[in-house]
Amino acid sequence: MELSKRQEQIIEIVKANGPITGENIAEKLNLTRATLRPDLAILTMAGFLEARPRVGYFYTGKTGSELLTEKIKKFKVQDFQQIPVVVREEVSVYDAISTMFLEDVGTLFVVNEKSCLTGVVSRKDLLRASIGQHDLNALDIHIIMTRMPNITVCRKDDLLLEAAKKLIEKQIDGLPVVKDTEDGLHVVGRITKTTITKVFVELATDSAL
Ligand code: ADP
């Protein structure tokens, strides 16, 4: 996050004089306590300062990048997951290609009659099938998909960072977010490289994250 000049000044004062009360910080800046309140709230929430009741403000000693790393390490999959696009195993390659265009996604998750994950189909899987000598309407996707148990998945309580690492390590574009059921894994969301890119941009532009 970008600090205002006044927020920088507050940090310097607390660094040099902490523990120090809000009242005393205000005095040093020739401002009222009420004027400072929003800045102190922001600096405390962001983790630069720590407020102890009846004692005052301390400098935590954490740099902006340390605080950013701490924040990123707390992100959970469930806070960022997007809606998954799911198709049945009997869908033809032709229809899977249409679905990919219509839904504007790069990965389709394949499920059986119990809505449990059985495979994944990517853009390249469909391209590979299309350049073969096949009738794309007669070829079912379960023939060409990557299948269980070789599917890399994540769960809603996983750290987003762990999901991002899986995308890199496995060199894939997306992960299904799954829920364990008696019948198998239900697909409840997706995390893709685009999800991670969005988080990256939002962090840098200092939005509500
Ligand atoms: P593309 O093939 O369009 O570049 P990916 O890099 O995501 O897209 O896919 C590469 C290969 O990995 C494909 O064969 C695909 O079926 C498979 N794949 C994609 N996602 C997963 C996943 N979550 N788990 C296992 N395999 C996957």
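Yes/no per residue for (1) farther than 24 Å from Glu113 by Cα; (2) without any contact (Cβ under 8 Å) to a residue 12 or more places away in the chain; (3) within 16 Å of the ligand (Cβ to nearest atom); (4) among the hydroxyl-bearing types (Ser, Thr, Tyr):
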position: Lys166; (1), (2), (3), (4): yes, no, yes, no
position: Lys170; (1), (2), (3), (4): yes, no, yes, no
position: Val178; (1), (2), (3), (4): no, no, yes, no
position: His186; (1), (2), (3), (4): no, no, yes, no
position: Ile191; (1), (2), (3), (4): no, no, yes, no
position: Glu202; (1), (2), (3), (4): yes, yes, no, no
position: Thr205; (1), (2), (3), (4): yes, yes, no, yes
For the range 165-184, which residues satisfy the criterion of being part of a helix (DSSP H, G or I) and either surrounded by fewer than 14 Cβ atoms within 10 Å (Cβ to Cβ) or at pLDDT below 95 (or both)?
Lys165, Ile168, Glu169, Lys170
Looking only at the range 136-164, count every residue that is open to solvent by 70 Å² or more (accessible area, probe 1.4 Å) and assigned to a helix (DSSP H, G or I) and tell me the total.
2
Lys193 surrounded by fewer than 17 Cβ atoms within 10 Å (Cβ to Cβ) and in contact with a His (Cβ under 6 Å, 6 or more places away or on another chain)
no
I'd like the full set of residues that are at pLDDT 90 or above and in contact with a Phe, Trp or Tyr (Cβ under 9 Å, 6 or more places away or on another chain), limited to the range 61-95.
Pro84, Val85, Val86, Val87
How many residues, within the range 69-111, are among the aromatic types (Phe, Trp, Tyr) and under 13 Å from Asp140 (Cα atoms)?
1
Could you check Thr152 against (1) touching a residue at least 24 places away in the same chain (Cβ under 8 Å); (2) within 9 Å of the ligand (Cβ to nearest atom) and say which number it fails?
(1)
Qualifying residues in the range 53-84 (those that are of a type in the set (D, E, K, R) and surrounded by 13 or more Cβ atoms within 10 Å (Cβ to Cβ)) - the one farthest from Thr21 (Cα to Cα)
Lys76
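The values are calculated or read from the model by the stated rules, or taken from the named source; none is laboratory data. The structure displayed is predicted, hence computed values, not measured ones. When we count neighbours, we look across all protein chains shown, and the Cβ atoms used for this are built from the backbone with ideal geometry, even at glycine. The area values use the complete protein model at the heavy-atom level, side chains included, leaving out ligands, DNA and RNA. Shrake-Rupley method; radii C 1.70, N 1.55, O 1.52, S 1.80 Å.
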